[in-house]
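Below: the structure, in structure tokens.
The values are calculated or read from the model by the stated rules, or taken from the named source; none is laboratory data. What you are looking at is a predicted structure, and each value in this text was computed from that prediction instead of being measured. Neighbour counts are summed over all protein chains in view; Cβ atoms, including those assigned to glycine, are modelled from backbone coordinates with ideal geometry. Surface accessibility is based on the protein's heavy atoms, side chains included, excluding ligands, DNA and RNA. Shrake-Rupley method; radii C 1.70, N 1.55, O 1.52, S 1.80 Å.
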Amino acid sequence: MQQQPSIGPSQADRSSHDLAADAIHEAKKLVTAELALAGRELRQSAAALSRSAIAFSVAGVAALAGIDALMVSLAVGQRRNHPARSTAVGLGLLALAAAAALVGRSALPRSPLPIAARIASDIEDVAQRVVR
């Protein structure tokens with residue numbers, strides 16, 4: 001004769017314990033995956049901000065150089081009748097500055113902080129699932 005295991009209160013407690021452990025394990029996996037995704041998105045945002053900062057720096061330097069060239073053309077133009085070269089260089093540098101500013105603006109991340117809101121929302125969802 002074989003003895004059959006008795007199902008008592010310890011078995012019922014174990015199943016609820018297992019369910020809670022499973023919920024906690026799933027929550028940990030979700031939070032880990034969400035943090036990895038957030039880290040990846042933050043690195044991408046930092047790279048975009050870096051490209052944008054470089055483009056804006058180029059725009060600033062080109063604008064200053066263009067203004068300098070235009071000032072030189074004004075100064076030289078009073079003594080000569082042909083300030084066209086320095087004027088063309090100045091206007092070309094200002095056009096380069098405008099183009100670099102547009103590139104810098106387009107490189108800016110569209111929405112830099114949705115990551116924190118998404119993580120907070122996921123934490124609330126996990127907390128509600130564990131409490132139920």
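Tabulated values for the structure
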item	result
Qualifying residue in segment 68-79 (condition: among the hydrophobic types (A, V, I, L, M, F, W, C), within 31 Å of the chain's Cα centre (by Cα), modelled with pLDDT of 85 or more and part of a helix (DSSP H, G or I))	no
Boolean, Arg105 is open to solvent by 60 Å² or more (accessible area, probe 1.4 Å) and not in a helix (DSSP H, G or I)	no
Subset of segment 33-69 [open to solvent by 90 Å² or more (accessible area, probe 1.4 Å) and under 23 Å from Glu124 (Cβ atoms)]	Leu35, Arg40, Leu42
